[in-house]
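Have a look at the structure below before the remarks.
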Amino acid sequence: MAQIQFTDQETAEFKNHFSSFDIDGNGVIDESELQTILKNLGEYASVAQVNDMIAQVDQDQNGTINFNEFLTVMANIRSGDEEGLAFIKVYEKQKELIQHKGAVGTHSFSQEEMSAFAEHLNYVLEGDDDCKHLLPINPDGTDLCAKVRDGILLAKFINCAVPDTIDMRAVNFPKPGKHMSVFEINENQELGIASAKAIGCQVINMGGAELVDGKNHPHLVLGIVWQLVKIQLLNSINLKNFPELVRLLEDGETMEDLMKLPPDQLLLRWFNYHLAQAGHNRRVNNFGGDLKDSENYSVLMHQIAPGTCDMKHMDSSDMGNRAEGVLENGKKLGVHAFIKPTDIVKGNHRLNLAFTASIFNACPGLDPLEEEIEIEEFEETREEKAFRLWMNSLGIDGVYLNHLYDGLVDGLNLLKVMDFIEPGIVDWGRVEMNPNNKFKKLANNNYAVEIGKEMGFSLVGIDGSDIVNSNEKLVLALMWQLMRYHTIKFLSELKFDGKQVSDDQIVSWCNDTVAEGGQDTELRMKDFKDPTLCDSLFFLNLIHAVNPKIIRWDVVNNGATEEDRMLNARYAITTARKMGCTIFLLPEDILESKPKMIMTFAAAVMTIALQG
């Protein structure tokens, strides 16, 4: 046997590979697991052949392969020793499915997730004429990574996740008999990345080039696709769409408390509600290990649809058979399940979360309410949503807000954002890193207010207690100044020698730019409150002046009706993102002439223009 000498990093990588064989997670690879792997690889072997493979590696002769024995095989591969050759061949094929060596190094990813999401996109986009040259995606290997190359697939799926995010009139499509140019593809990728940011995805270290060359960056492709799948499946799980969720309220909770729960936590609450209704003695705390034996799934599905979903499969002691029974019940409920039995048995968190969301969307199983409830007063405003999504899009480690005010209470997220925008401004020695009581939270937020004043914010009458107590008006005032600071920081460096740019200077630049290069050079805006901006014609001319080839004027109207103005606003936002702008305003913000959000739009276009 070869001597085992691996670095910690190599050992961790091999542990990942070993786990892909160890389906039930008990620390050894047995005959049934190796048989399952072979089937997934499209190969078949008798029980005797599989046991022979194991015997070639099984040093302690107990009929299974443990991790140390697995590492011996890895050492054999490195030394050129052919001992365990049959198992080595299986390992090499399995490794190809979970690891890809690209131009920038080797990155591991989950082939189970790659395959599952490929199948999901095939299902969601089936019959879409715009995607007929891309579908179906082969779920084996990394075909999904190749299919995102022209940007069309992601654009269409972003609209599935959050409808109307992208105005498809702005997307480049291949002309009959011709391939899209590199320029057109890059425009689509810029649009996809900026739009993904706008709906709360984190796309740090990802540019259009990585998606165009997705085959060499499968981990990045999988990262953005998973975020979009999660948004698409969880986006509708809220009180507005399902007021019956009010039945999940626990003692002492208010409607506002329930609406603050992130969708995945609301989904767990729903799961456990039905387990309790069924008189079951277990509860689900995660979408991984708690679902491996299929018992909780089976009780849930029998409870929400007792006449449809039986529990006969639970008579089996084989967890794979149980999981197959769960998926059969899912089909009876009309659930499109892209999860496999092995994914349930292995406790794949992402795929179990997606499957549970699909069950909810197909059959929530909650009794209708006897009378309507008012939830509008608890709903997130457009301004709150814009600030929250902006913070999430920054890709700061540990910063992801599901609710704006709750996410700021302890001060840590706020301080992290400040330090991200102005590196080094936070003295972390002064920060309470474990703010587990109100006094520590107050100290952090008082320090954040102090830093805000150092950054030049107008914070008269605001102190840390206002953030701890979620004073909405004052928190929004602080957040607006923070977002504005970030938005115009690059402008200050690009054009104004580091001096903070004013609103008047941005307005002046926009007017001068339209006068010099707009299609209608007579258009002007007075300020960001100008009501004439509601038809978006000024913004479309501004974008045209920066990039004369990007606007299709044949789809622009005169904005005579509200419907026409909405079409123009959607098109203006999408073309700005296509140009590389990161913006968070919605078409309604333009129609209503919301000055704060319009300022961010103008500043984003100006930034791209000056960078070019």
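The values are calculated or read from the model by the stated rules, or taken from the named source; none is laboratory data. For clarity, every value in this text was computed on a predicted model and none was experimentally measured. Because the Cβ atoms are built from the backbone with ideal geometry, glycine has one as well, and the counts that use them run over all protein chains shown.
Figures for the structure shown
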read-out: Among (1) over 25 Å from the mean Cα position of the chain (by Cα); (2) of a type in the set (A, V, I, L, M, F, W, C); (3) under 16 Å from Ser195 (Cα atoms), the one test that Ala604 misses; value: (1)
read-out: Residue count for segment 187-203, restricted to those that are of a type outside the set (D, E, K, R) and outside any loop (DSSP other than H, G, I, E, B); value: 9
read-out: Check on Asp564, free of Cβ contacts under 8 Å to residues at least 12 places away in the same chain, over 31 Å from the mean Cα position of the chain (by Cα) and part of a helix (DSSP H, G or I); value: no
read-out: Identity of the residue in segment 525-537, surrounded by 15 or more Cβ atoms within 10 Å (Cβ to Cβ) and not aliphatic (A, V, I, L, M), that ends up nearest to Phe457 (Cα to Cα); value: Phe528
read-out: Lone unmet requirement of (1) assigned by TED's automatic domain parsing to the domain that holds Asn469; (2) in a loop (DSSP other than H, G, I, E, B); (3) touching a helix residue (DSSP H, G or I) at 6+ places or on another chain (Cβ under 7 Å); (4) of a type outside the set (D, E, K, R) for Asn402; value: (3)
read-out: Qualifying residue in segment 191-200 (condition: crowded, with 21+ Cβ neighbours inside 10 Å, more than 24 Å from Asn547 (Cβ to Cβ) and outside the structural domain of Arg552 (by TED's automatic domain parsing)); value: yes
read-out: All positions within segment 452-465 that are more than 31 Å from the chain's Cα centre (by Cα) and in a helix (DSSP H, G or I); value: Lys453, Glu454, Gly464, Ser465
read-out: Per-region count, segment 479-502, residues assigned to a helix (DSSP H, G or I) and either without any contact (Cβ under 8 Å) to a residue 60 or more places away in the chain or farther than 28 Å from Asn445 by Cα (or both); value: 6
read-out: Neighbours by Cβ (under 7 Å, 6+ apart or cross-chain): first from segment 586-599, of a type in the set (Lys, Arg); second modelled with pLDDT of 95 or more; value: Lys596/Trp480
read-out: Count of residues meeting criterion [part of a helix (DSSP H, G or I) and of a type outside the set (Asp, Glu)] in segment 261-283; value: 14
read-out: Any pair with Cβ under 6 angstrom, 6 or more apart, that starts in segment 161-176 at a residue that is not assigned by TED's automatic domain parsing to the domain that holds Ile550 and surrounded by 13 or more Cβ atoms within 10 Å (Cβ to Cβ) and ends at one that is in a loop (DSSP other than H, G, I, E, B) and among the β-branched types (Val, Ile, Thr); value: Val162/Ile199; Thr165/Ile199
read-out: Selected residue [part of a loop (DSSP other than H, G, I, E, B) and not assigned by TED's automatic domain parsing to the domain that holds Ser19] from Gly320, Gly395; value: Gly395
read-out: Subset of segment 488-512 that is surrounded by 19 or more Cβ atoms within 10 Å (Cβ to Cβ) and modelled with pLDDT of 85 or more - its residue that is farthest from Asp527 (Cα to Cα); value: Ile488
read-out: Cβ-Cβ under 7 Å pairs, at least 6 apart or on other chains, segment 399-410 side farther than 15 Å from Glu472 by Cα, far side of a type in the set (Ser, Thr, Tyr); value: none
read-out: Given (1) more than 30 Å from Ser593 (Cβ to Cβ); (2) surrounded by fewer than 22 Cβ atoms within 10 Å (Cβ to Cβ), number of the condition Thr356 does not satisfy; value: (2)
read-out: Residue pairs meeting the criteria (Cβ under 7 Å; at least 6 apart or on separate chains; first closer than 19 Å to Phe6 by Cα, in segment 50-72; second β-branched (Val, Ile, Thr) and part of a loop (DSSP other than H, G, I, E, B)); value: Leu71/Ile4; Thr72/Ile4
read-out: Enumeration of residues in segment 284-309 that are assigned to a loop (DSSP other than H, G, I, E, B) and in contact (Cβ under 8 Å) with a residue 12 or more places away in the chain; value: Val284, Asn285, Asn286, Phe287, Gly288, Lys292, Asp293, Ser294, Ala305, Thr308, Cys309
read-out: Answer from Asp343, Asp410, Asp419 - the residue that is at pLDDT 90 or above, assigned by TED's automatic domain parsing to the domain that holds Glu256 and surrounded by 17 or more Cβ atoms within 10 Å (Cβ to Cβ); value: Asp343
